[in-house]
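Bear in mind these aren't lab numbers, they're just calculated from the coordinates by the rules spelled out. If you're wondering where the values come from, they're calculated on a predicted model, not measured in any experiment. Heads up, the Cβs are rebuilt from the backbone with ideal geometry, glycines too, and the neighbour counts pull from every protein chain shown.
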There are 2 protein chains.
Amino acid sequence: MNFLEEKIVREGKVLEGDILSVGSFLNVMMDPSFMKKIGEAFYERFQDEEITKIVTIEASGIAIASFTAMAFGKPFVFAKKKQAKNLSKETYTSIVHSYTYDKDYTIAIAKEYIDENDKVLIVDDFLANGMAISGLIDILTQAHARIVGIGICVEKDFQEGGKKLRKSGYRVESLAKIASLSSQTIQFVK
Amino acid sequence: MNFLEEKIVREGKVLEGDILSVGSFLNVMMDPSFMKKIGEAFYERFQDEEITKIVTIEASGIAIASFTAMAFGKPFVFAKKKQAKNLSKETYTSIVHSYTYDKDYTIAIAKEYIDENDKVLIVDDFLANGMAISGLIDILTQAHARIVGIGICVEKDFQEGGKKLRKSGYRVESLAKIASLSSQTIQFVK
């Protein structure tokens with residue numbers, strides 16, 4: 001087990017409906033020394049690629065993107081959920097379906113923040129059905145940016161997102177890959 | 001002018017309705033070396049205080065809290081913006097009025113993340129009417145945490161938030177204090 005898998009076993013909580021709560025260390029309350037390791041782990045896996053920008057979605061991706069950006073020494077930008085008044089009207093948008101809340105929402109990035117010269121590493125806390133990541137890919141494709149890779153903290157390997165993205169040719173690297181959450185037990189992909 | 005004020009003059013955009021857009025460097029797209037300076041600036045101002053936790057609100061506060069937490073070597077937690085129906089009994093909540101969107105929203109932090117032993121530094125990108133910060137103060141007070149200080153990147157000194165908070169006895173430190181945004185011109189408090 002790597003440092004993230006060990007942390008998940010020690011501090012993660014399995015809730016009803018195959019939900020893994022990692023709020024105490026990964027996406028609500030976070031320790032900077034642990035998050036630094038997350039950023040460095042992504043750097044280790046993608047340092048061979050030329051990356052100009054880190055991209056994520058609010059809210060839980062922002063801290064992960066912050067520490068990843070620091071490891072790469074590159075800027076980061078996050079997609080907002082819903083259209084916000086103080087975003088420029090010139091935005092790329094995509095509709096994302098949330099299975100957790102069973103509703104659609106819009107994600108948006110102002111056009112001025114992404115362009116065809118960008119070589120993007122997408123990062124996020126979870127990958128399950130891959131709907132949010134697909135929305136980001138849609139936005140980045142509209143901007144003619146190149147998607148160099150997708151760095152995920154926790155991939156639910158028993159859901160379809162990772163398989164679909166890899167099949168589409170994207171390089172997806174997940175720091176922890178969960179095989180099963182049945183019976184309150186966390187099993188990782190070996 | 002300090003480093004943030006210089007950046008605001010160079011890259012900030014004054015929009016209609018006294019809105020200052022700093023999305024290109026402070027709360028949508030960010031450079032890690034610049035954000036590191038923001039964290040260090042808060043550390044410089046609050047290093048004399050004993051601080052156990054950095055607290056902010058999603059989404060634009062999260063990156064600021066990440067880099068501030070790193071400067072302090074302390075954990076950070078963010079309040080989620082929620083719809084009332086998703087709330088559980090295990091959270092502290094407060095209702096916040098947004099003047100920007102003219103509506104109320106609920107902010108929430110799980111009870112397990114804040115307690116009476118916490119000495120908290122609140123950080124956020126903007127301070128205008130102070131409604132969001134007051135909501136955080138409400139939550140932290142429910143948790144019997146001590147509020148050691150409030151670190152703000154950009155304070156709109158021509159609005160009431162800062163005055164009210166200081167009058168209530170809080171130590172508010174703002175890296176940039178804006179006196180006026182009239183006629184598309186940014187004037188700082190001298």
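Quick one: net charge of A:Gly162's neighbours, Cβ under 13 Å, K/R +1, D/E -1?
+2
Could you state, as a whole-number percent, how many of the C-alpha pairs of the range A:18-58 are farther apart than 14 Å?
Beyond 14 Å sits 63 percent of the P(r) for the range A:18-58.
Among the listed pairs A:Lys13/A:Lys156; A:Lys80/A:Lys156; A:Lys119/B:Lys53; A:Lys37/B:Lys37; A:Lys190/B:Lys81; B:Lys119/B:Lys167, give every one whose C-alpha distance is greater than 26 Å.
A:Lys119/B:Lys53; A:Lys190/B:Lys81
How much net charge surrounds A:Gln184 when only the other residues with a Cβ under 14 Å from the Cβ of A:Gln184 are counted, with Lys and Arg +1 and Asp and Glu -1?
Every neighbour counted, the sum reads -1.
Counting only DSSP beta bridges with both residues in the protein assembly as shown, tell me the antiparallel percent, nearest 5. Show your work: numbers first, answer last.
Working: 35 of 77 bridges.
In the protein assembly as shown, DSSP labels about 45 percent of beta bridges as antiparallel.
How long are the semi-axes of the equivalent ellipsoid of the range A:94-166, taking √(5λ) for every eigenvalue λ of the Cα gyration tensor, in whole Å from largest down?
21, 15, 9
Show the residues, 5+ positions off or on another chain, whose built amide H is closer than 5 Å to the amide H of B:Leu127.
B:Val154, B:Glu155, B:Lys156
Restricting to DSSP loop positions (anything but H, G, I, E, B) with no more than 16 other Cβ atoms inside 10 Å of their own Cβ, which chymotrypsin sites (Phe, Trp or Tyr not before Pro) remain in the range B:120-190?
Hits after loop and neighbour filter: B:Phe158.
Kindly work out what percent of the DSSP beta bridges joining two residues of the range B:53-190 are antiparallel, to the nearest 5. Display every interim value, and only then the final one.
Numbers: 13 of 34 bridges.
Beta bridges within the range B:53-190, antiparallel portion: roughly 40 percent.
With each label point set 7 Å from Cα along the Cα-Cβ vector, what nm distance links B:Thr185 and A:Asn2?
5.5
What are the nm distances, shortest first, from B:Val189 to its equivalents in the other copies, labels at 7 Å along Cα→Cβ?
5.3
Need one value for B:30-42: mean number of C-beta atoms belonging to other chains within 10 Å of its residues' C-beta atoms.
Working: counts 9, 5, 14, 4, 1, 5, 1, 0, 0, 1, 0, 0, 0.
Partner-chain Cβ atoms within 10 Å, mean over residues of B:30-42: 3.
Taking θ = phi - 60°, what integer Hz values does the Karplus form 6.51 cos²θ - 1.76 cosθ + 1.60 yield along the range B:172-178, in sequence order, with x for Gly and Pro?
Taking θ as phi minus 60°, the curve returns 10, 10, 10, 6, 9, 10, 9 Hz for the range B:172-178.
Rank the residues B:Ile137, B:Ile150, A:Ile95 as a footprinting-exposure proxy: fewest other Cβ atoms within 10 Å of their Cβ go first.
Details: B:Ile137 21, B:Ile150 27, A:Ile95 11.
In increasing order of surrounding Cβ atoms, one gets A:Ile95, B:Ile137, B:Ile150.
How high is the relative contact order of the range B:149-190, in percent, with contacts defined as C-alpha pairs under 8 Å that are six or more residues apart?
Computed over the range B:149-190, the figure is 42 percent.
Could you work out how far helix A:32-46 tilts from the main Cα principal axis of chain A, as a 0 to 90 degree angle to the nearest 10?
70
Under the Karplus relation 6.51 cos²θ - 1.76 cosθ + 1.60, θ = phi - 60°, what is the ordered set of whole-Hz ³J(HN,Hα) values for the range B:121-134, x standing for Gly and Pro?
Once rounded to whole Hz, the list reads 9, 7, 10, 7, 6, 10, 10, 10, 7, x, 5, 5, 5, 5.
At 10 °C and a viscosity of 1.306 mPa s, what translational diffusion coefficient does Stokes-Einstein give for the protein assembly as shown, taking Rh as the Kirkwood radius over Cα pairs? Give it in µm²/s as a whole number.
Working: Rh = 21.2 Å.
Reported coefficient: 75 µm²/s.
Over the alpha-carbon set of the range B:1-147, divide Rg by the Kirkwood Rh and report the Rg/Rh ratio to two decimals. Walk me through the intermediate numbers first.
On the way: Rg = 15.7 Å, Rh = 16.1 Å.
Reported Rg/Rh (Cα atoms, Kirkwood Rh): 0.97.
Taking 25 Å as R0, compute the FRET efficiency from the Cβ-Cβ separation of A:Asn117 and A:Ser168 and round it to 0.05.
0.65
Taking the label point 7 Å from Cα in the Cβ direction, how far apart in nm is A:Asp48 from each other copy of itself, listed shortest first?
Label-point distances to the other copies, shortest first: 5.3 nm.
In terms of Cα to Cα distance under 12 Å, which aspartates and glutamates are near enough to B:Lys89, apart from those fewer than 8 places away along the same chain?
The qualifying aspartates and glutamates are B:Glu112.
Taking a point 7 Å out from Cα toward Cβ as the label site, list the nm distances between B:Ser168 and the same residue in every other copy, smallest first.
Once sorted, the set of distances for B:Ser168 reads 4.5 nm.
Under the Karplus relation 6.51 cos²θ - 1.76 cosθ + 1.60, θ = phi - 60°, what is the ordered set of whole-Hz ³J(HN,Hα) values for the range B:64-80, x standing for Gly and Pro?
4, 5, 4, 6, 6, 4, 5, 4, 8, x, 10, x, 9, 9, 10, 6, 8
Residues of A:60-70, mean number of Cβ from any other protein chain within 10 Å of their own Cβ, rounded to a whole number? Each step should come with its number before you reach the end.
Values: counts 5, 2, 12, 8, 2, 5, 11, 5, 1, 7, 7.
Across A:60-70, the average partner-chain Cβ count within 10 Å equals 6.
Express the relative contact order of the range A:40-190 as a whole percentage, based on alpha carbon pairs under 8 Å and six or more residues apart in sequence.
20
For A:Glu44, what charge total do you get from the other residues with a beta carbon under 13 Å from its beta carbon, if Lys and Arg give +1 and Asp and Glu give -1?
-1
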